[in-house]
Amino acid sequence: MSVKSCEKIEKSQVVLTIEVGAPEFEAAIEKAYQKMRKKINVPGFRPGKAPRKIIEGMYGAEVFFEEAINIAFPEAYEAAVKEQELQVVGYPSVEIEGQVTRDGFTFKATAPVYPEVTLGQYKGLSAPKEEVKVSAADVDERLKALTDRNTRLVSVDREAKEGDTVVIDFEGFLEGKPFEGGKGENFSLELGSHTFVPGFEEQLVGVKAGDEKDLDITFPEDYHKDLAGKAVVFKVKVHEVKEKEIPALDDEFAKDGSEFDTLKDLKADLKKKIAAEREETVKRAFEDALMEQVAENITADVPDAMVEAQSRQFLDNFKMQLAQQGLQYDQYMKATADVPRQGGGPAAGRRQGARSQAGPHGSGHGRHHQGGEHRRHR
């Protein structure tokens, strides 16, 4: 194999003119013969036993050329890419030049490569950077989350109030008949959580364990079509009323729920962690703002192959996110009728270009691919 020329053209592509010589092509023809001989019928020979020269004599010297080209091309192309130190980012298009003979053949491979990047102004750029503050209310909010996790429900012998949990059996009736999905047993319902339809929880404020009560409910107009706007009666039996037992915020709480011995130390640690989280958020926002400015000033002729690859990656990631939520992409598309544009549009191209230059967020531009279809150039 020898590279006759390597020419850069528009859209960050190169045209390689590659010659496959007689020794390489002969080896490829032999491999083609070994691969194809069992499929060629020659009178007087069992399948696969006819000598190569007999087959070539019957069908012509070119009988194995096409398969030999397919065998020789990938190795020759890979070697040329390595020799020219190209960073190929997509599959090449291939044309055979001139005649194919036992002495070999010449082909042109046009491949997209990693673009040359010209940086514009990047020194002295500025962006707003938010000041990090942590208030006592922020710490209290974190403490509340900790107490909520350590809160337990205890049974009480009194009337239920908002915030309590009632354990109930219930059954709904429409025009005196039970309706589907309207029944539950030993259901724990927090009053004020708005888990049930409007009016249900409100009518249970004031009940006690052992009470039975009929609730008159009218379903909202936007509810399921079978019940939308319908007036129903729920028969409810109350088994238990529970209230939240919230732990006291003191040193004992700190000892039981953290690695610290005092509430003061726990608060100090929470404040430190909140500050660190916000510092990281501010830092990322600041860096993103600077990178947006750098990206605006970058000049790069990004090849279509890179834009298309980025678009496919976005789509694959989106499909994966849907799958994690138990959704199928085709079903989602039918439901939303939101068909993505092919190629990802200008925004996808700009993101590909900017992030590839930025370093660790790049997309493996050093890889190259073999393959591509060849066609005869007459």
Would you confirm, using the coordinates I've provided, whether A248 is outside any helix (DSSP H, G or I), at negative phi and at pLDDT 95 or above? no
Kindly indicate which of V307, V294 is within 30 Å of A111 (Cα to Cα), over 22 Å from the mean Cα position of the chain (by Cα) and in a helix (DSSP H, G or I). V294
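Yes/no matrix, rows are residues, columns are (1) among the charged types (D, E, K, R); (2) closer than 30 Å to K271 by Cβ; (3) at pLDDT below 95; (4) over 43 Å from the mean Cα position of the chain (by Cα):
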site: R152; (1), (2), (3), (4): yes, yes, yes, no
site: E180; (1), (2), (3), (4): yes, no, yes, no
site: F196; (1), (2), (3), (4): no, no, yes, no
site: D226; (1), (2), (3), (4): yes, no, yes, no
site: F234; (1), (2), (3), (4): no, no, no, yes
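Condition check ((1) at pLDDT 95 or above; (2) polar (S, T, N, Q); (3) within 37 Å of the chain's Cα centre (by Cα)) across all residues:
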residue	(1), (2), (3)
E130	no, no, yes
A136	yes, no, no
V139	yes, no, yes
A145	no, no, yes
I168	yes, no, no
E171	yes, no, no
Enumeration of residues in the stretch 36-61 that are part of a helix (DSSP H, G or I) and surrounded by 14 or more Cβ atoms within 10 Å (Cβ to Cβ): M36, R37, R52, I54, I55, E56
Please go through the stretch 205-221 and give me each residue that is touching a Phe, Trp or Tyr at 6+ places or on another chain (Cβ under 9 Å) and surrounded by 14 or more Cβ atoms within 10 Å (Cβ to Cβ), ordered by number. K213, L215, I217
Name the residue that is farthest from E116 (Cα to Cα), counting only residues in the stretch 247-284 that are among the aliphatic types (A, V, I, L, M) and surrounded by 14 or more Cβ atoms within 10 Å (Cβ to Cβ). L249
Can you find, within the stretch 19-49, the residue that is farthest from A111 (Cα to Cα) among those that are of a type outside the set (F, W, Y) and touching a Gly at 6+ places or on another chain (Cβ under 8 Å)? K38
Being hydroxyl-bearing (S, T, Y) and farther than 30 Å from A289 by Cα is the filter here, so list the residues in the stretch 70-127 that pass it. Y77, Y91, S93, T101, T106, T110
Among A248, A276, A228, the single one that is within 16 Å of G182 (Cβ to Cβ) and without any contact (Cβ under 8 Å) to a residue 12 or more places away in the chain is A228
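For E26, state whether it is in contact (Cβ under 8 Å) with a residue 24 or more places away in the chain, crowded, with 16+ Cβ neighbours inside 10 Å, over 30 Å from E116 (Cβ atoms) and charged (D, E, K, R). Reasoning before the result, please.
Details: in contact (Cβ under 8 Å) with a residue 24 or more places away in the chain: yes; crowded, with 16+ Cβ neighbours inside 10 Å: no; over 30 Å from E116 (Cβ atoms): yes; charged (D, E, K, R): yes.
Here the answer is no, as E26 does not meet what is asked.
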Kindly check whether there is at least one residue in the stretch 312-321 that is under 23 Å from E292 (Cβ atoms) and either modelled with pLDDT under 85 or not in a helix (DSSP H, G or I) (or both). no
Considering each residue of the stretch 235-246, count those that are closer than 13 Å to L153 by Cβ, of a type outside the set (D, E) and surrounded by 16 or more Cβ atoms within 10 Å (Cβ to Cβ), and give that number. 2
Near pairs, Cβ below 6 angstrom, 6+ apart or cross-chain, from the stretch 56-80 (of a type in the set (G, A, S)) to any residue that is not in a helix (DSSP H, G or I): A72/V20; A76/M1; A76/I18; A76/V20; A79/M1; A80/V3; A80/L16; A80/I18
What pairs come out if I take residues in the stretch 171-189 that are within 26 Å of K208 (Cβ to Cβ) and pair them with residues that are surrounded by 10 or more Cβ atoms within 10 Å (Cβ to Cβ) and among the basic types (K, R) whose C-beta lies under 9 Å away, six or more apart or interchain? E171/K183; E171/K235; G172/K183; G172/K235; F173/K235; S188/K242
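Residues checked against (1) out of contact with any Gly (no Cβ under 7 Å at 6 or more places or on another chain); (2) part of a strand (DSSP E or B); (3) exposed (fewer than 13 other Cβ atoms within 10 Å of the Cβ):
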residue	(1), (2), (3)
V100	yes, yes, no
G120	yes, no, yes
K123	yes, no, yes
L143	yes, no, no
L153	yes, yes, no
D157	yes, no, yes
G163	no, no, yes
G172	no, yes, no
Out of (1) out of contact with any strand residue (DSSP E or B) (no Cβ under 6 Å at 6 or more places or on another chain); (2) exposed (fewer than 15 other Cβ atoms within 10 Å of the Cβ), the one E185 does not meet is (1)
For the stretch 303-336, give me the residue count where each residue is among the aliphatic types (A, V, I, L, M) and in contact with a strand residue (DSSP E or B) (Cβ under 9 Å, 6 or more places away or on another chain). 2
Can you name every residue in the stretch 192-231 that is among the acidic types (D, E), in contact with a strand residue (DSSP E or B) (Cβ under 9 Å, 6 or more places away or on another chain) and farther than 20 Å from A160 by Cα? D226
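The values are calculated or read from the model by the stated rules, or taken from the named source; none is laboratory data. These numbers were taken from a predicted model, which means no experiment stands behind them. Don't worry about glycine lacking a Cβ; one is built from the backbone with ideal geometry, like all the others, and counts go over all protein chains shown.
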